[in-house]
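Right, one structure below, let's go through it.
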Amino acid sequence: VSAGHRVDAVFFDLFGTLLALDALEAACEAAAPGRGRALSTTWRARQLEISWLRTAMGAFVDFDRVTADALDAAMKEVGVKMAPAGRRQLARAFEDLTTTNGAPVVLDALRAAGLQTGVLTNCSRVTLPRVLARTRLDRSLDFALSVDAVAAFKPHPSVYRLATEATGMPAGRIGFVTANGWDAAGAAAFGLFVVWLRRGPADQLPPVGAPEPVIASWSSLPAVFLPADASPQDAARPGG
Ligand code: LAC
């Protein structure tokens, strides 16, 4: 489609990547004053652990259920009690997250250059369209892929295969962008061209033998996927 580009399509992770997780702490703080940070951090950690356990066990339920179960576990662990209505409302905080600064601009730049864009996420097929409509990310995405289609969570290879199946492209022609190091490892092991939005120098990749991803930020992302040699002028150059 776009000779000269590093890839022909780019998929993005949702929670923590296209959507910022910062608001979780504020929602937890409002529900449990003084415990917001501990509760939100523990909640996210348990959410991921439960998703990995259920995938390893072959006992899939959707991410909304995983998220609610993880909140219950985190509340017990941190020692927070809440009325059922408050707990149900807090459990939906993931649905109310806002778009990460710079993300829509990058999506639109990639599409303007002729690349296809998509989201590939643990998010359930019920919640995903609601979130994309509310944040208007749906206007900048060609594909919205939920793991519900394969009843397994990331980093199971069947999840990343959804991107090759949806596009009909080989893994090496598909980019994948995530801020989650374990997701970067899973996608790279599958063979996608992975860009890791590392949060800081202390952020480490899990040592699981996956190929090294490219490290970038939102502002440097377009240059990774649309290198200068893809400009019309350079593309005309022999061997360019
Ligand atoms: C997702 C998880 C990784 O959005 O947060 O797929």
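Summary table
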{"read-out": "Order by protection proxy (mean Cβ within 10 Å, highest first), peptides 197-203, 209-215", "value": "209-215, 197-203"}
{"read-out": "Size of electric dipole in the stretch 58-125: Cβ of Lys, Arg +1 and of Asp, Glu -1, about Cα centre, debye, nearest 20", "value": "140 debye"}
{"read-out": "Point-charge dipole on Cβ atoms (K/R +1, D/E -1) for the chain, about Cα centre, debye to 20", "value": "420 debye"}
{"read-out": "Normalised convex hull volume, the stretch 20-68, alpha-carbon set, Å³ per residue", "value": "70 Å³"}
{"read-out": "Cβ crowding within 10 Å averaged over residues, with 86-96, 183-193 ranked highest first", "value": "183-193, 86-96"}
{"read-out": "Estimated distance in nm for a label pair at GLU29 and ILE215, the labels positioned 7 Å out from Cα along Cα-to-Cβ", "value": "2.9 nm"}
{"read-out": "For the stretch 105-169, alpha-carbon Rg and Dmax in angstrom", "value": "12.2, 33"}
{"read-out": "Stretchable slack from THR41 to ASP64, in nm (0.36 nm times residue separation minus alpha-carbon distance)", "value": "6.5 nm"}
{"read-out": "Mean projected area (nm²) of the alpha-carbon convex hull when the stretch 69-123 is viewed from all directions", "value": "5.3 nm²"}
{"read-out": "Net lengthening on full extension, ARG134/ALA20 (0.36 nm per residue, minus Cα-Cα)", "value": "39.6 nm"}
{"read-out": "Mean residue ellipticity (222 nm) of the chain, computed from DSSP H runs ≥ 4 via -39,500 (n - 2.57), nearest 500", "value": "-13000 deg cm²/dmol"}
{"read-out": "Heavy-atom accessible area per residue - the stretch 111-225, 1.4 Å, Å²", "value": "42 Å²"}
{"read-out": "On Cα atoms only, tilt of 22-31 relative to the major axis of the chain in degrees", "value": "10 degrees"}
{"read-out": "Simple spin-label estimate for MET82 and ALA223 in nanometres, 7 Å along Cα-Cβ", "value": "4.2 nm"}
{"read-out": "Binned Cα-Cα distances of the stretch 113-240, short to long, each 10 Å bin given as a whole percent", "value": "12, 38, 36, 12, 2"}
{"read-out": "Degrees separating the helix 36-57 axis from the principal Cα axis of the chain, which is the longest one", "value": "70 degrees"}
{"read-out": "Solvent-accessible area, 1.4 Å probe, carbon plus sulfur percent, for the chain", "value": "55 percent"}
{"read-out": "Cα lying deepest toward the dipole's positive end in the stretch 87-240, options SER140, ALA109, PRO211, charges on Cβ", "value": "SER140"}
{"read-out": "Rh by Kirkwood over Cα pairs, then Stokes-Einstein D for the stretch 51-173 at 1.567 mPa s and 4 °C, µm²/s", "value": "80 µm²/s"}
{"read-out": "Rounded tilt (10° steps) of 103-112 against the dominant C-alpha axis of the chain", "value": "30 degrees"}
{"read-out": "Debye intensity ratio I(q)/I(0), log10, the chain, q values 0.08, 0.14, 0.15 Å⁻¹ (C-alpha model)", "value": "-0.31, -0.91, -1.04"}
{"read-out": "Intensity falloff of the stretch 144-206 expressed as log10 I(q)/I(0), Debye formula with alpha-carbon point scatterers, at q = 0.14 Å⁻¹", "value": "-0.38"}
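The values are calculated or read from the model by the stated rules, or taken from the named source; none is laboratory data. If you're wondering where the values come from, they're calculated on a predicted model, not measured in any experiment. As a convention, Cβ positions derive from the backbone with ideal geometry for all residues, glycine included, and neighbour counts pool all protein chains shown. Only protein heavy atoms, including side chains, enter the accessible area calculation; ligands, DNA and RNA are left aside. Shrake-Rupley method; radii C 1.70, N 1.55, O 1.52, S 1.80 Å.
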